[in-house]
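Enquirer: Okay, handing you the structure first.
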Amino acid sequence: MEQKTPLQTLPEASPKPSKKSFVTSLMAPRNPSFQEDTYLVSNLKSSEKKALQELKDKLSASDSASAAMWGIPLLGNDEKADVVLLKFLRARDFRVPDSFAMITKCLAWRKEFGADGVVEEDLGFKELEGVVAYMHGYDKQGHPVCYNAYGVFKDKEMYERIFGDDEKLKKFLRWRVQVLERGINALHFKAGGINSIIQVTDLKDMPKRELRVASNQILSLFQDNYPEMVARKIFINVPWYFSVLYSMFSPFLTQRTKSKFVIAKEGNVAETLYKFIRPEDVPVQYGGLSRLSDAQNGPPKPASEFTVKGGEKVNIQIEGIEADATITWDIVVGGWDLEYTAEFVPNAEGSYTIQVEKPRKVMPSEEAIHNSFTPREAGKMVFSVDNSASRRKKVAAYRYIVRKSAPV
């Protein structure tokens, strides 16, 4: 019987990330790092400080003087309360009467809806969890990320089961609020902290006409009751006609709203998401290394990013693997459609190279490869991705761990 020592990671191998990767997007942000609005009162403009105080005075003189949202008393005279109030003020351009009216309506809605207790409810949507709407990981700045994908509803039976009548629709909306409330529970509500989430919406196969009612209700509900809760909205797998629609309504959007949008068409999912989210936090179905089941294993192990140019073959060599040590790896290339192989090359002269994974064409729809190997002699692993048949540059990522075995 053998006992394995604690996890030991070997030094990262080549290749290093090259020049800025090309992203074919309809609207790429100038700066991929979203900067949170300041919630430090001392950094506010004098007019904004005045509006904040006026809003507090208005609340103090109203029936909402003792009200709270997300467990935070609105007149708690601390930075958490200021963060909540500033969100409502920003949503209404610091117009105090409008902000007060928004808060009043939101408080009434939360009471009627029972929003404070919705997180603990079992709404019976197990089949939708991790598929339609779910919180998963964080972006590079620490914002919780919410993924939305409604393509499963192209199946008429599924659609009828979830949206068949008004009661079913209400139940779905309640579940969707539950997902958002879980994300909000992860926010800091403090100056200099993380005070908003990232939304990633997958438009692939989304039945537009059928989901129009549900989509409009979700949008209206979130806009009215969750102001400034979304730092960035990333739309992926965007169909060609979306660019036409966007060009039509873009002039009517404020620069503040447009600055939150990232719109990427099909085929550019991984390279778009990698700009904001590290590969180990991107779900495998979107070209990342993260599986929903990984959450039970603690924080994700960091990955190394690299690019594979068109017409190029990249070899990743991991040296220093001892005999009877086990190497476990994950590797992915965005959009794959290239040849992949894994070999073990022993150090000893005269030993034969072992083909751990035979050369094969990896299809575009395939997820990250996860595998392990235990050699009987010392040597190195070599992973090869061959993009010779393509002219397109692709983003990629890999990670590995080596566990050295030791006798009991």
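The values are calculated or read from the model by the stated rules, or taken from the named source; none is laboratory data. If you're wondering where the values come from, they're calculated on a predicted model, not measured in any experiment. Note: ideal-geometry Cβ built from the backbone for every residue, glycine included; neighbour counts use all protein chains shown. Note: accessible area is taken over every heavy atom of the protein model, side chains too, but ligands, DNA and RNA are not part of it. Shrake-Rupley method; radii C 1.70, N 1.55, O 1.52, S 1.80 Å.
Enquirer: For the stretch 159-209, name all the residues that are open to solvent by 10 Å² or more (accessible area, probe 1.4 Å) and assigned to a strand (DSSP E or B).
Expert: Across the stretch 159-209, the qualifying residues are Gln199, Thr201, Asp202.
Conditions tested, residue by residue: (1) in the same structural domain as Gly183 (by the TED database); (2) touching a helix residue (DSSP H, G or I) at 6+ places or on another chain (Cβ under 7 Å); (3) surrounded by 19 or more Cβ atoms within 10 Å (Cβ to Cβ).
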site: Lys49; (1), (2), (3): yes, yes, no
site: Glu54; (1), (2), (3): yes, yes, no
site: Leu74; (1), (2), (3): yes, yes, yes
site: Val84; (1), (2), (3): yes, no, yes
site: Phe94; (1), (2), (3): yes, yes, yes
site: Asp98; (1), (2), (3): yes, no, no
site: Ala108; (1), (2), (3): yes, no, no
site: Glu112; (1), (2), (3): yes, no, no
site: Gly124; (1), (2), (3): yes, no, no
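Enquirer: Could I ask something else about it? Output yes when any residue across the stretch 248-267 is modelled with pLDDT of 80 or more, surrounded by 15 or more Cβ atoms within 10 Å (Cβ to Cβ), closer than 30 Å to Thr341 by Cβ and aromatic (Phe, Trp, Tyr), and no when none is.
Expert: no
Enquirer: I'd like to verify a number: residues in the stretch 233-283 that are outside any loop (DSSP other than H, G, I, E, B) and closer than 18 Å to Gly137 by Cβ, how many?
Expert: 13
Enquirer: Follow-up question, since we're still on this one. Please go through (1) within 15 Å of Val395 (Cα to Cα); (2) open to solvent by less than 50 Å² (accessible area, probe 1.4 Å) for Val238 and return the number of the only condition it doesn't satisfy.
Expert: Of the numbered conditions (1) within 15 Å of Val395 (Cα to Cα); (2) open to solvent by less than 50 Å² (accessible area, probe 1.4 Å), the odd one out for Val238 is (1).
Enquirer: Further question on the same structure: Any chance you could count how many residues in the stretch 209-238 are closer than 14 Å to Ala149 by Cα and touching a strand residue (DSSP E or B) at 6+ places or on another chain (Cβ under 8 Å)?
Expert: 6
Enquirer: Filter the stretch 146-178 for residues that are touching a helix residue (DSSP H, G or I) at 6+ places or on another chain (Cβ under 7 Å) and touching a residue at least 60 places away in the same chain (Cβ under 8 Å); which is farthest from Gly193 (Cα to Cα)?
Expert: Arg174
Enquirer: So which of Lys56, Lys87 ends up being out of contact with any Asp or Glu (no Cβ under 6 Å at 6 or more places or on another chain), among the charged types (D, E, K, R), at pLDDT 95 or above and under 18 Å from Phe189 (Cα atoms)?
Expert: Residue meeting the stated conditions: Lys56.
Enquirer: I'd like to know if the stretch 295-313 contains one or more residues that are buried (at least 18 other Cβ atoms within 10 Å of the Cβ) and assigned to a loop (DSSP other than H, G, I, E, B).
Expert: yes
Enquirer: Could you give me the residue pairs with C-beta distances under 7 Å whose first residue belongs to the stretch 373-391 and is touching a residue at least 60 places away in the same chain (Cβ under 8 Å) and closer than 20 Å to Glu305 by Cα, whose second residue is open to solvent by less than 40 Å² (accessible area, probe 1.4 Å) and among the basic types (Lys, Arg) wherever it lies, and which are 6+ apart or on separate chains?
Expert: Asn387/Lys394
Enquirer: For the stretch 56-72, which positions are crowded, with 19+ Cβ neighbours inside 10 Å and part of a helix (DSSP H, G or I)?
Expert: Leu59 - this is the single residue of the stretch 56-72 that is crowded, with 19+ Cβ neighbours inside 10 Å and part of a helix (DSSP H, G or I).
Enquirer: Could you give me the residue pairs with C-beta distances under 8 Å whose first residue belongs to the stretch 94-121 and is at negative phi, whose second residue is loosely packed, with under 14 Cβ neighbours inside 10 Å and part of a helix (DSSP H, G or I) wherever it lies, and which are 6+ apart or on separate chains?
Expert: Met102/Asp224; Lys105/Asp224; Cys106/Asp224; Trp109/Asp224; Ala115/Trp109
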